[in-house]
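Remarks on the structure that follows.
The values are calculated or read from the model by the stated rules, or taken from the named source; none is laboratory data. Bear in mind the structure is a predicted one, so any value in this text is a computation, not a measurement. Cβ atoms come from the backbone with ideal geometry, glycine included; neighbour counts cover every protein chain shown. Just the protein is used for accessible areas: all its heavy atoms, side chains included, with ligands, DNA and RNA removed. Shrake-Rupley method; radii C 1.70, N 1.55, O 1.52, S 1.80 Å.
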Amino acid sequence: MSHYGEGDLILYYYGEGRRRHDIERHLDACPACAATYRDISSTLAMVDVPAVPERGDQYGLEVWQRIRHRLPEPQQDVWSKHSAGPGRAAWTELATWWRRLVERTFRADRLAILAAAATIAIVAFVAGRFWSTPSKPAATITATQAPDGGSLPGLRQRILIGSVADHLDRSERMLTDIMNASVPGDISAEQRWAEDLLTTSRLYRQDAVDIGERSVANVLDDLERSLIEIVHSPSQVTAADLDAMRRRIDAAALLFKVRVMSNELQEREGTRSAGDASPRTSTRKTS
Amino acid sequence: MDAAEAAAVLARARQGDSDAFRALVERHSRTVFRLAFRMTGNEQDAEDVVQESFLRAYRQLGRFESRANFGTWLYRIVANCSVDLMRAKQARHDQARGEPLETAADMPAADTPDPQRLAESAEISRRVQHALGALSPLERAAFTLRHYEGRSIDEIGRTLGLGTSAAKHSVFRAVKKLRHALQPLRSLANRGLAPQESQR
């Protein structure tokens, strides 16, 4: 009687491998192989799937916060690289179509179609670039006038400054509450507040990046990290939890940064309001 | 996020849109962490693997074939990042100690060798984790993919960039080492359980 090796029995255990019925019959008839199989299966039965530590709904955001400053330049392929700039949409569409056509054509060995496709592709590309060159979307946006007579980016910046100043005020109050919370205590109200602020903060930060307000974006970024930490802390905090949280807020000089930025934005907003020829409604809200 | 939306996000990420990549990170982080934890068996290492995997994915997005499944592609990156991290750790360990990792068989029991205690799941789990820690990075990765993730030998080969034969032998070597390392535990546990079994 020929026996089965350990490898065959391991594959059999995992439901893989050939001759499964042969192995099954053999195990019924061969005590040596049956003992080896029992040994393998009892070993593997001891290796339970480990319990993976739980990660909350905000985990993805936390990961993003950790890696976002370390993102390198992506290695784009040649198609993506050339699709940047004028005629981008036409380029991308053409590149995809061309790539598919080349694949199909080479499979079918139809060189005549390839030559025709190449000609069409070149003509389409040149046409795409030619047509798209005169359109200058950035210039169009810059020239577009807002209803009050200012430019749209200027209006957007003004709204953002007012809103962020207000947001920083609220954040400062929430952080102050945390810094002064009694221990051991319940910070669930502050956590709900922090959660609301977190959502708003993300939107303002993105807007700040879009309009080139780097320093505002950086403060909001620091604030976002602390807000995430507060949201994910246990609601019933011990003295040690709260102390650790306070130390991290202190270490980042967060309250200081928030106050300074808030004052700066309020000053900028005041200067703009004073300089405006026509009166306008303030974007500041009271909360 | 439906399939069309996911494809659009992926396309934007491939063109260097960091917000689109952020959406991918937020969507896949928990899955990535689960695999990384199973591969490394350690929370801190798993966190390192999660970050490194996304950074690597971002660098290689241009090479990602848009018709492929992003999740499958990312899965391979995570598996390989885990192997790299385990290799680096092992190299540091070997350099520091100048000797191989001890096996579970060499490991002293937590308490007096009471068979009933050894049979307890916590003790078994501790020994198993130790035995898994003694596997080579590739063996551990192949074993994790087969045993925990339920991947076939072919899939393991594709994930780790190995031939089918190499993938199969990595799993075989892992099981062989585990059998050897857990033999004392199995014998003691069996001896401890024997009286109970005889009472049935």
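Taken per residue, the accessible surface of region B:1-100 reaches 47 Å², heavy atoms only and a 1.4 Å probe. The residues of region A:192-254 present an accessible area of 47 Å² per residue when probed at 1.4 Å with all protein chains retained. Could you tell me which residue out of A:Q236, A:I187, A:V258 lies farthest along the dipole of region A:152-275 toward its positive end? Charges go on the beta carbon: Lys and Arg +1, Asp and Glu -1, centred on the Cα centre. Highest projection toward the positive end goes to A:V258.
Summing both sides, the accessible surface hidden between A and B at a 1.4 Å probe radius is close to 4600 Å².
Evaluating 6.51 cos²θ - 1.76 cosθ + 1.60 at θ = phi - 60° for every residue in region B:75-89, the Karplus couplings come out as 4, 5, 4, 5, 4, 6, 5, 5, 4, 4, 5, 5, 5, 4, 5 Hz, glycine and proline recorded as x. Rolling a 1.4 Å probe over the protein heavy atoms of region A:6-45, with every protein chain left in place, gives an accessible area that is 47 percent carbon and sulfur.
For the set A:E16, A:E195, A:E54, B:E139, the ranking by accessible area, highest first and with no ligand, DNA or RNA atoms included, is A:E54, A:E195, A:E16, B:E139 under a 1.4 Å probe. For B:L162, neighbours were defined as the other residues whose beta-carbon sits under 15 Å from its Cβ, and their charges (Lys and Arg +1, Asp and Glu -1) total +4. Counts of other chain beta carbons within 10 angstrom of each beta carbon in peptide A:56-64 average 6. Burial annotation for region B:31-50: residues with an accessible-area loss of at least 50 Å² between the isolated chain and the complete set of protein chains, computed on heavy atoms with a 1.4 Å probe, are B:F33, B:F37, B:E47.
At 7 Å along Cα-to-Cβ for each site, give me the label-to-label distance between A:I211 and A:A189 in nm. Label-label distance for A:I211 and A:A189, simple model: 3.4 nm. Give the residues of region B:27-55 whose amide nitrogen is closer than 15 Å to a point set 7 Å from the Cα of B:A6 in the direction of its Cβ. It comes to B:27-32, nothing else.
Taken as Cα centroids, region A:1-26 and region B:16-56 sit 37 Å apart, rounded to the nearest whole angstrom. Quick one: if the Förster radius is 60 Å, what FRET efficiency do A:R259 and A:V49 give, using the C-beta to C-beta distance and rounding to 0.05? Computed FRET efficiency for A:R259 and A:V49 comes out at 0.75.
Solvent-accessible area per residue in region A:6-45 equals 54 Å², computed with a 1.4 angstrom probe and all protein chains kept. Once the Cα-Cα distance is subtracted from the 0.36 nm per residue extended length, the A:A34 to A:A118 segment shows a gain of 23.7 nm. Extension gain for B:Q129-B:D19 works out to 35.7 nm (0.36 nm per residue, less the C-alpha to C-alpha distance).
Report note on the peptides A:3-14, B:33-44: ranked by the mean count of other C-beta atoms within 10 Å, highest first, their order is B:33-44, A:3-14.
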